[in-house]
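*Asks:* Next up is a structure, given as structure tokens.
The values are calculated or read from the model by the stated rules, or taken from the named source; none is laboratory data. Every value quoted in this text rests on a predicted model; they were computed, and no experiment measured them. Quick reminder, even Gly has a Cβ in these numbers, built from the backbone with ideal geometry, and neighbours come from all protein chains shown.
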Amino acid sequence: MSETIDSLLHEERRFPPSSDFTATSVATPALYEDAGKDRLAFWADQARELLEWSTPFTETLDWNNPPFARWFADGRLNVAYNCLDRHVLAGNGDRVAIHWEGEPGDSRSITYAELTREVMKAANALEALGIRRGDRVAIYLPMIPEAVIAMLAVARLGAIHSVVFGGFSAESLRSRIEDADAKLVITADGGWRKGKVFPLKNAVDSAIASQTDGTSTVEHVLVVRRGENDVDWTEGRDLWWHDVVDSAPDEHEAEPFEAENPLFILYTSGTTGKPKGILHTSGGYLTQCAYTHKNVFDLHPETDVFWCTADVGWVTGHSYVVYGPLANGATQLIYEGTPDTPHPGRWWELIEKYGVTILYTAPTAIRAFMKTGREYPQKFDLSSLRVLGSVGEPINPEAWIWYRDIIGGGRTPVVDTWWQTETGAIMVSALPGITSAKPGSAQVPLPGISVDVLDESGNRVGNGNGGLLVVTEPWPSMLRGIWGDPERFIETYWEKFDFEGSPNRRMYLAGDGARLDSDGDVWILGRVDDVMNVSGHRLSTMEIESALVSHPIVAEAAVVGASDDTTGQAVVAFVILRAKQAEAQTAAEAEALLKAQVAEQIGAIARPRRIFIVTELPKTRSGKIMRRLLRDVAEGREVGDTTTLADTQVMNVITDKLR
Ligand code: WTA
């Protein structure tokens, strides 16, 4: 990994902003100056300018009990009101909030006035079902307008949403419902994907039926009709969205809540088997979403059409499909389906149809389009595009250049944005109109954000060197904790760099390796922990291993992320079968069975690309699996240094077997 980055660091191409772009750009160098002068005053200004507060805050940051930060704590606001009503009251009710396109080609354009009414109805319906401030609501929906409406309705009531990606399995949904004690689940019969309806409601049924202690906190399941597929029905528990929401009153007064009122929990993979429920709150989160969405994408809300291709099941969908764009009163596109359905030019067709001006997507998608060929984008008029963004994993310079040339017509700035579920919003990125772009580097912390790269003992590595990426000062959209597990929150992020004797010098450990080049620009090297990045999605090796060993034929399993041209990394597993099973079936049968097991336990995104059935795993004398050696095998390389293995012959046994 670091070899590739060494070669990337020799990337010499530079793309300074054009004077035309700079002339009208939203971001100006004054942002850096103001933030440099007084960081907290800068954030306070952003919070006041970008949001409407029912009660203005007087204190910007309370960091007396690190790492538990409180931002704008004595202020009060309603997040949904800020995303909806205030735009209508300001006279922008007729502006389109969402152009939605379903995969089969059906579409809806929803104005701010209409969206506000829909959310008011949904909030009334949820209130009638007993949802109150602080209650948890699980949302398991396809990319349909109701996903946004549901999230905002929950936020409007001061309740907490936990969106679970529709591609996750019933088992993943079960553990998330249970961890958060969700009272309500909002789902759909099914959604469209790759030309077919995929069911969702049945997964909710089995998730609830399999709650560990046999009872469930879920009182109701609210079902949107989308796929029109058959569903089972539990009378009294299950309700159709169109029955309860359509008939609900369309007036609803938004109650203001304190800035630190929890807004959502979003589960993400960590180093251990159990996903972490990352907790975000209201005022700080919304401030940074709005600030980054405006400045990083050069948003002109009156004229732009923004498109973030992420699913709302991921943090990118939370911050840049729902909260950032709507807080800023932007017009955006939401597309339900896959990029290649019904034809490989679907995205480009949509950009032409809606005149999309800002596109925000992941390197894995760009690399997949590079493979299919430029002839597809070239069939469509993409001249409306003026800013391109990338997120989720390092973007290699070749993909960056292709993106800019083929999609951006060689004109558009490309912003490579580094951030995480935990950071809530973008942290490191070029600013269009200001930064001279460097393909492959995420470049500079945003104004108001302080990051650094440290070595293992906490010393700054300085330009030209690599180490661990840290955030050195609290930021408004920082996670406020891990749901129900404050210890794990401290251990995971704040213990490594807790400088003794100075409690205020705790630094946030991001879990990514990074290098600073000679200009001090940041190059992200990828995760330094046991987290893989597959198609921009975080998966934990431990979680996949426990899915594998929970199958009765498996004795032991080790999972590694092997580099992959399209998906960045791919899941590769090494599995030892129980003795009897090893005789009873062929390796191919076992491989198929176990791939299905992972898809069922976690979701199709975690399905291993390859499973190698082996008889041994390489372990150190202390019993730790040496994944580095397995990665060599998975990537087809000569196996590296084996001298620290307990049994130095074991890699020969493995490679002989696989030959
Ligand atoms: C990776 C997604 C390189 C990184 C917003 C991080 C990136 C993890 C970039 C978070 C980028 C995200 N360049 N790597 N521009 N953006 N990552 O929580 O490893 O799903 O820690 O949040 O994705 O993934 P998450």
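*Asks:* Could you check Ser436 against (1) surrounded by 16 or more Cβ atoms within 10 Å (Cβ to Cβ); (2) modelled with pLDDT of 95 or more; (3) touching a strand residue (DSSP E or B) at 6+ places or on another chain (Cβ under 8 Å) and say which number it fails?
*Replies:* Of the numbered conditions (1) surrounded by 16 or more Cβ atoms within 10 Å (Cβ to Cβ); (2) modelled with pLDDT of 95 or more; (3) touching a strand residue (DSSP E or B) at 6+ places or on another chain (Cβ under 8 Å), the odd one out for Ser436 is (1).
*Asks:* Follow-up. Identify, please: which residue in segment 627-659 is touching a strand residue (DSSP E or B) at 6+ places or on another chain (Cβ under 6 Å) and at pLDDT 85 or above and is, among those, farthest from Phe574 (Cα to Cα)?
*Replies:* Glu635
*Asks:* Let me spell it out: the conditions are (1) touching a residue at least 40 places away in the same chain (Cβ under 8 Å); (2) in contact with a Leu (Cβ under 7 Å, 6 or more places away or on another chain); (3) within 16 Å of the ligand (Cβ to nearest atom), and Asn463 meets all of them except one. Which number is the exception?
*Replies:* (3)
*Asks:* Among the residues of segment 28-48, are any touching a Lys or Arg at 6+ places or on another chain (Cβ under 8 Å) and at negative phi? Lay out the reasoning, then the answer.
*Replies:* To start, the set of residues in segment 28-48 that are touching a Lys or Arg at 6+ places or on another chain (Cβ under 8 Å) comprises none.
Among the residues of segment 28-48, not one is touching a Lys or Arg at 6+ places or on another chain (Cβ under 8 Å) and at negative phi, which makes the answer no.
*Asks:* Considering Tyr285, Tyr320, which residue is within 17 Å of the chain's Cα centre (by Cα) and either in a loop (DSSP other than H, G, I, E, B) or away from the ligand (no atom under 11 Å from the Cβ) (or both)? Step through it out loud before you land on a result.
*Replies:* Details: Tyr320 fails: either in a loop (DSSP other than H, G, I, E, B) or away from the ligand (no atom under 11 Å from the Cβ) (or both).
It is Tyr285.
*Asks:* Do you know which residues across segment 395-413 are surrounded by fewer than 24 Cβ atoms within 10 Å (Cβ to Cβ) and within 11 Å of the ligand (Cβ to nearest atom)?
*Replies:* Once the filter is applied, which keeps residues that are surrounded by fewer than 24 Cβ atoms within 10 Å (Cβ to Cβ) and within 11 Å of the ligand (Cβ to nearest atom), segment 395-413 yields only Asn396.
*Asks:* Only one of (1) within 16 Å of the ligand (Cβ to nearest atom); (2) closer than 27 Å to Lys276 by Cα fails for Phe297. Which number is that?
*Replies:* Every condition holds for Phe297 apart from (2).
*Asks:* For Leu326, all conditions in the list (1) under 20 Å from Val387 (Cα atoms); (2) surrounded by fewer than 24 Cβ atoms within 10 Å (Cβ to Cβ) hold save one; what is the number of the exception?
*Replies:* (2)
*Asks:* Quickly run through segment 422-441 and pick out the residues that are near the ligand (Cβ under 10 Å from one of its atoms) and over 17 Å from His293 (Cβ atoms). Give the steps one after another, and end with the answer.
*Replies:* Initial filter on segment 422-441 (near the ligand (Cβ under 10 Å from one of its atoms)): 422-429, 440-441.
Within segment 422-441, Glu422, Gly440, Ser441 meet the criteria.
*Asks:* Any residue in segment 21-50 that is touching a residue at least 60 places away in the same chain (Cβ under 8 Å) sitting within a Cβ distance under 9 Å of a residue that is outside any helix (DSSP H, G or I) and aromatic (Phe, Trp, Tyr)? List the pairs, counting only those 6 or more apart or interchain.
*Replies:* Val26/Phe297; Trp43/Trp71; Trp43/Phe72; Trp43/Trp475; Ala47/Trp53; Ala47/Phe57; Ala47/Trp71; Ala47/Phe72
*Asks:* Hey, which of the strands (runs of 3 or more DSSP E) in segment 90-207, taking only ones fully inside, have at least 2 residues that are over 21 Å from Thr421 (Cβ atoms) and in the same structural domain as Leu286 (by the TED database)? It would help to see each step written out before you state the result.
*Replies:* Numbers: elements: 96-101, 107-111, 136-140, 160-163, 184-188, 190-193, 196-199.
Qualifying strands (runs of 3 or more DSSP E): 96-101, 107-111, 184-188, 190-193, 196-199.
*Asks:* Within 13 Å of the ligand (Cβ to nearest atom) and over 30 Å from Lys274 (Cα atoms): does that describe Val391? Show your work before the answer.
*Replies:* Numbers: within 13 Å of the ligand (Cβ to nearest atom): yes; over 30 Å from Lys274 (Cα atoms): no.
No, not satisfied.
*Asks:* Among the helices (runs of 4 or more DSSP H) confined wholly to segment 363-419, which include 1 or more residues that are within 17 Å of Ile524 (Cβ to Cβ) and basic (Lys, Arg)? Outline the logic, then answer.
*Replies:* On the way: elements: 363-372, 375-378, 397-402.
The helices (runs of 4 or more DSSP H) meeting that bar are 363-372.
*Asks:* Residues to consider are Gly424, Gly440, Gly462; find the one that is at positive phi and either more than 23 Å from the chain's Cα centre (by Cα) or part of a strand (DSSP E or B) (or both).
*Replies:* Numbers: Gly424 fails: either more than 23 Å from the chain's Cα centre (by Cα) or part of a strand (DSSP E or B) (or both); Gly440 fails: either more than 23 Å from the chain's Cα centre (by Cα) or part of a strand (DSSP E or B) (or both).
Being at positive phi and either more than 23 Å from the chain's Cα centre (by Cα) or part of a strand (DSSP E or B) (or both) holds for just one of Gly424, Gly440, Gly462, which is Gly462.
*Asks:* Taking segment 490-539, which residues are within 12 Å of the ligand (Cβ to nearest atom) and of a type in the set (Phe, Trp, Tyr)?
*Replies:* If the condition is that a residue be within 12 Å of the ligand (Cβ to nearest atom) and of a type in the set (Phe, Trp, Tyr), then Tyr493, Tyr508, Trp523 are the ones that fit.
*Asks:* Does Arg538 satisfy the criteria of being crowded, with 20+ Cβ neighbours inside 10 Å and touching a Leu at 6+ places or on another chain (Cβ under 6 Å)?
*Replies:* Numbers: crowded, with 20+ Cβ neighbours inside 10 Å: yes; touching a Leu at 6+ places or on another chain (Cβ under 6 Å): no.
So Arg538 does not fit the description; no.
*Asks:* Give Val650, Val560 a once-over and let me know the one that is in contact (Cβ under 8 Å) with a residue 24 or more places away in the chain and within 30 Å of Ala365 (Cβ to Cβ).
*Replies:* Val560
*Asks:* Which members of segment 241-268 meet the condition of being more than 29 Å from the chain's Cα centre (by Cα) and either surrounded by 15 or more Cβ atoms within 10 Å (Cβ to Cβ) or touching a residue at least 24 places away in the same chain (Cβ under 8 Å) (or both)?
*Replies:* First, the residues of segment 241-268 that are more than 29 Å from the chain's Cα centre (by Cα): 242-244, 246-253.
Listed by number, the residues that qualify are Val244, Asp246, Ala248, Pro249, Asp250, Glu251, His252.
*Asks:* Conditions first: (1) over 30 Å from Thr341 (Cβ atoms); (2) touching a residue at least 60 places away in the same chain (Cβ under 8 Å); (3) surrounded by 18 or more Cβ atoms within 10 Å (Cβ to Cβ). Gly130 passes all but one, so which condition is the exception?
*Replies:* With (1) over 30 Å from Thr341 (Cβ atoms); (2) touching a residue at least 60 places away in the same chain (Cβ under 8 Å); (3) surrounded by 18 or more Cβ atoms within 10 Å (Cβ to Cβ) applied to Gly130, the lone miss is (3).
*Asks:* State the number of residues belonging to segment 368-388 that are more than 23 Å from Thr341 (Cβ to Cβ) and either within 16 Å of the ligand (Cβ to nearest atom) or modelled with pLDDT under 95 (or both). Steps first, please.
*Replies:* Start the filter on segment 368-388 by keeping residues that are more than 23 Å from Thr341 (Cβ to Cβ), which leaves 383, 386-387.
Next cut, either within 16 Å of the ligand (Cβ to nearest atom) or modelled with pLDDT under 95 (or both) only: 387.
Going through segment 368-388 one residue at a time, the tally reaches 1.
*Asks:* Any residue in segment 295-306 that is in contact with a helix residue (DSSP H, G or I) (Cβ under 9 Å, 6 or more places away or on another chain) and in a strand (DSSP E or B)? Lay out the reasoning, then the answer.
*Replies:* Let us first name the residues in segment 295-306 that are in contact with a helix residue (DSSP H, G or I) (Cβ under 9 Å, 6 or more places away or on another chain), namely 295, 297-302, 305-306.
Then drop every residue that is not in a strand (DSSP E or B), which leaves 305-306.
Checking segment 295-306: at least one residue is in contact with a helix residue (DSSP H, G or I) (Cβ under 9 Å, 6 or more places away or on another chain) and in a strand (DSSP E or B).
*Asks:* Shifting gears a bit: Has segment 445-455 got at least one residue that is within 15 Å of the ligand (Cβ to nearest atom), not assigned by the TED database to the domain that holds Ala365 and not in a strand (DSSP E or B)? Don't jump to the end; show me each part of the working.
*Replies:* Residues of segment 445-455 within 15 Å of the ligand (Cβ to nearest atom): 445-446, 449, 451, 453.
Subset that is not assigned by the TED database to the domain that holds Ala365: 445-446, 449, 451, 453.
Then keep just the ones that are not in a strand (DSSP E or B); that gives 446, 449.
Within segment 445-455, one or more residues are within 15 Å of the ligand (Cβ to nearest atom), not assigned by the TED database to the domain that holds Ala365 and not in a strand (DSSP E or B).
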